[in-house]
1. Quick one: what are the phi-derived ³J(HN,Hα) couplings along segment 149-154, Karplus 6.51/-1.76/1.60 with θ = phi - 60°, whole Hz, x for glycine and proline?
2. With every protein chain in place, what's the accessible area of ILE70 (1.4 Å probe, Å², nearest 10)?
3. With a 1.4 Å probe and every protein chain left in place, tell me how much accessible area TRP206 has, in Å² to the nearest 10.
4. What number results when the radius of gyration of segment 187-345, computed over Cα atoms, is divided by 2.2 N^0.38 Å?
5. Which pairs, out of LYS59/LYS144; LYS149/LYS210; LYS59/LYS254, put more than 18 Å between their alpha-carbon atoms?
6. Just the ratio, please: alpha-carbon radius of gyration of segment 112-259 over 2.2 N^0.38 Å, N its number of residues.
7. For the chain, what number results from the quotient of the Cα radius of gyration and 2.2 N^0.38 Å?
8. Using a Förster distance of 45 Å, how high is the FRET efficiency between ASN48 and GLU216, based on the Cβ-Cβ distance and rounded to 0.05?
Amino acid sequence: MEEEAFRLMKIIDRYIAKKFWGPFVFIISIFAVLIFLGDSLEKMRWINTYGTTLALVLKYSFLTMPSWLIQVLPVACLLSALFVISDMISGGEWTACLAGGYSVRQIFKPLILCIFIIAAAGFCVQEFFVPDMSKKAELTRQRKIRGEKDWYFNVQNDVTLRLDGKRVLFAKTVKADEGLMEGMFIDVYDDNWAISSQISARRFVWNEGKGVWVFEDGFTRNFGKNASIKEESFDIMDSDFSVPPDQIAVGSAKASYLSISDLLRRIKFLKASGLTSYQEETFLNAKLAAPFATVIMCLLGMPFAIALKRSSKLLNIVAAIAIGFTFWWIVSMLTSAGQSGMINPIVAGWLPVGLFAIVAYVEFEILRI
């Protein structure tokens, strides 16, 4: 008897899960089309502004679409779950399951499992596809659409970096993608933080073969007692600075361009250089929390379908959108606070998940689910 009940439970679980995937594929497809068309239409002005082509505008919109889809993924999951629950209630399947000894949590279980799978898949897309596609989109916009052939991501002017406890590097321009620093000098300090020597060079170039940065066209200054200065010029001189260009974090950071591994390298470099990393740490925690946020948002919204019973599906859609926008508003507000250093980046990334988890727990208790 128990074996038969277990088999029946598995059949119902598969049935509920199967009902979920159809609406989800339909909803995420609708979102993809709306995002692509909306973004393409909004960017049509580039054709007149920059004299570009329709093909490049469509290419840009296609490359940015995965980043937008990751953001609407929680709402797509919630809408799909609400559709299944509403459909089961209106068709009498919900009542039949409860009459057969199924609890509400058991009915929710296959839906939550499907949402977990989607959240995990979304996390993989966020890590392995979105950064590359977002970078290609920006390169397309800057180089092909706007015509800035020499545009690079990691470029920054007037950079100051701490190389170690006694050396500080200053550069007029850092072009990390090219492995090049221009108009730079390094100040070396003694134990009393008085400058003892200086290396100045027109260029500081990454040498892949040697694995170090090389000074070109410069001179060294040694500061002695009684304000004496000894200078020696050089054409080329190796340094002991061995941080590869792809690990030098300059230029503005954008979450969609960076994977978790990129953020970890960037944070490590910024801290070693004596620079703040609030923005990067906030992005890191937000990315780690994203899969949990998807599940929590759905757990928060799914009981609405039960509370509303036979209300229209339109009301469920409104509830899902309202929950989604509320969540995005809180995330946006806390992310801005975390990037500015007003609150701890860990709190900025995880507080929305914690708040919504508490609300979902209270909701489940009130509805006795």
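1. 4, 9, 6, 9, 5, 8
2. 40
3. Roughly 40 Å² of TRP206 is accessible to a 1.4 Å probe.
4. On the way: Rg = 26.2 Å, N = 159, 2.2 N^0.38 = 15.1 Å.
This ratio for segment 187-345 stands at 1.73.
5. Details: LYS59/LYS144 11 Å; LYS149/LYS210 29 Å; LYS59/LYS254 20 Å.
Those over the limit are LYS149/LYS210; LYS59/LYS254.
6. Values: Rg = 20.7 Å, N = 148, 2.2 N^0.38 = 14.7 Å.
Working it through for segment 112-259, the quotient is 1.41.
7. 1.33
8. Values: r = 44 Å, r/R0 = 0.97.
Step by step, r from the Cβ atoms, then E = 0.55.
The values are calculated or read from the model by the stated rules, or taken from the named source; none is laboratory data. Everything numeric here is computed off the predicted structure, so don't read it as measured data. Please note: Cβ atoms are built from the backbone with ideal geometry, for glycine as well, and neighbour counts cover all protein chains shown. SASA here: full protein model, heavy atoms, side chains in, ligands and nucleic acids out. Shrake-Rupley method; radii C 1.70, N 1.55, O 1.52, S 1.80 Å.
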